[in-house]
Amino acid sequence: DQVLHSVIIPLLPLYVCGTFIDMTKSGKTYAILGILWKVFLVVIIMHLVCIFLQFCVAGAVSHKSPFKMIRNQIPGYTTALGTQSSAATIPVNLQCAAADGVSEQIRNFVVPLCANIHMAGLNPAETEEAIQLIRKINESGVTILLIEHIMKAVVSLCEKVIVLHHGEKIAEGTPEQVMNDPYVMEVYLGTKKEGASA
């Protein structure tokens, strides 16, 4: 943990800078960025179309102006765009939902539930802190539905695990049972070719 915080994290920007220098030196920068901005632009346009349609439906059902609700959601969208993290956006989206008139019970249930895979990108110390926090919340009597890919968290926190593959349930049981399930191992780790050494 000390090495991570005192060496790796401070040097990470230099590594990223070195990657861009290498791309520039090799002449790949313009080619990569030329493709990347087009992909990014298409993604943003698709998001905006999807958001507009969703808020039009929500506005029709709730008899509210979709344009006002979209305007209230701008801080949440820009936070999500800037951080690329649904978990980091939870507090802002809770405020946006309150501004749109969503009841406290519904927004406190739906917003965190829809922000899945909370621990992706956390360093080991942050992951451990998140595990302890979730455990503390659970011990206070709150049931937790955890949608997560970090197996350390799943094993530490879950009594029962359901594994999905392309939206279909492929296994259910304790963390140990699920991790030892042959089909789960095949789906997530692949199969060993015959004659290949371990």
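Residues in the range 51-68: is at least one of a type in the set (S, T, N, Q) and part of a loop (DSSP other than H, G, I, E, B)? So that I can check it myself, show each step before the final result.
The initial filter retains those residues of the range 51-68 that are of a type in the set (S, T, N, Q), namely 54, 62, 65.
From what is left, the residues that are part of a loop (DSSP other than H, G, I, E, B) are 65.
Scanning the range 51-68, I find at least one residue that is of a type in the set (S, T, N, Q) and part of a loop (DSSP other than H, G, I, E, B), so the answer is yes.
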Worksheet item: In the range 75-103, what residues are over 22 Å from Ser62 (Cβ atoms), aliphatic (A, V, I, L, M) and open to solvent by 40 Å² or more (accessible area, probe 1.4 Å)?
Response: Leu81, Ala88
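Would the range 86-95 turn up any residue that is part of a loop (DSSP other than H, G, I, E, B) and more than 27 Å from His149 (Cβ to Cβ)? Steps first, answer last, please.
Of all residues in the range 86-95, those part of a loop (DSSP other than H, G, I, E, B) come to 86-89.
Now narrow it down to the ones that are more than 27 Å from His149 (Cβ to Cβ): none.
Looking through the range 86-95, none of the residues is part of a loop (DSSP other than H, G, I, E, B) and more than 27 Å from His149 (Cβ to Cβ).
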Practice prompt. Would you check which residues across the range 23-47 are surrounded by fewer than 11 Cβ atoms within 10 Å (Cβ to Cβ), in a helix (DSSP H, G or I) and more than 28 Å from the chain's Cα centre (by Cα) and list them?
Written response: Lys25, Ser26, Tyr30
Discussion item. Considering only residues that are outside any helix (DSSP H, G or I), of a type in the set (A, V, I, L, M) and open to solvent by 70 Å² or more (accessible area, probe 1.4 Å), which ones fall in the range 148-164?
Written reply: Ile162, Leu164
Worksheet item: Among Gly141, Gly167, Gly173, Gly195, which is open to solvent by less than 100 Å² (accessible area, probe 1.4 Å), modelled with pLDDT under 80 and over 27 Å from Ile9 (Cα atoms)?
Response: Gly195
Worksheet item: Can you name the residue in the range 1-22 that is over 26 Å from the mean Cα position of the chain (by Cα) and open to solvent by less than 70 Å² (accessible area, probe 1.4 Å) and, of all such residues, is modelled with the highest pLDDT?
Response: Gly18
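The values are calculated or read from the model by the stated rules, or taken from the named source; none is laboratory data. Quick caveat, the model's predicted, so the values are computed rather than measured. Cβ sites come from the backbone with ideal geometry, for glycine too, and all protein chains shown count toward neighbours. Ligands, DNA and RNA are stripped out before the accessible areas are found, and what is left, the full protein with its side chains, is counted by its heavy atoms. Shrake-Rupley method; radii C 1.70, N 1.55, O 1.52, S 1.80 Å.
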